[in-house]
Amino acid sequence: MARFIGLRGGGQHAFQQAEQAFSRAVVLLPGSPLARYERGLLYWRELNQPARAIADFSQIIAQQPEALFMRGMAYQALGDYRQAVQDLEAYLVAQPGSRSAANVRSQLAALYSLLEDFPPALESGSNSSGGSLSASS
């Protein structure tokens with residue numbers, strides 16, 4: 001939603017307004033993970049502030065499992081590839097049948113390639129769901 005508002009409403013200034021709105025929502029609804037999740041996405045994707053995204057995602061992983069995937073992506077944006085791998089692998093264990101699983105496997109293959117650290121399942125070209133996965137994905 002914030003991305004749509006930002007792109008439709010004038011770019012960076014609108015993204016900053018969206019950040020302020022999500023920050024107010026975090027204060028007003030402290031038990032709800034949605035505002036923190038959306039603000040984390042905004043920090044990571046639009047404002048190029050992955051460290052702030054990581055802080056938001058870290059606080060809501062128990063309530064919003066998808067935040068583990070997003071935190072892994074934010075770590076990747078920071079260049080902390082090992083931590084990104086750890087989060088993405090943990091996400092696949094926690095949410096093996098999620099709609100994001102194929103994307104996570106693809107991200108992991110790219111990260112393993114960067115780290116030159118292929119686990120046996122990827123080296124053989126298979127994954128736990130019986131599909132095929134190559135390091136070039």
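Just so you know, all these numbers are worked out from the coordinates, no wet-lab data involved. Please read all numbers here as calculations on a predicted model, not as lab measurements. All Cβ positions, even for glycine, are placed from backbone atoms using ideal geometry, and neighbour counts span all protein chains on display.
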Inset, instruction - Count the net charge of all other residues whose Cβ sits under 13 Å from the Cβ of Asp80, scoring Lys and Arg as +1 and Asp and Glu as -1. - result: +1
Legend entry - Computed E for Ser32/Glu116 - FRET, C-beta separation, R0 35 angstrom, nearest 0.05: 0.25
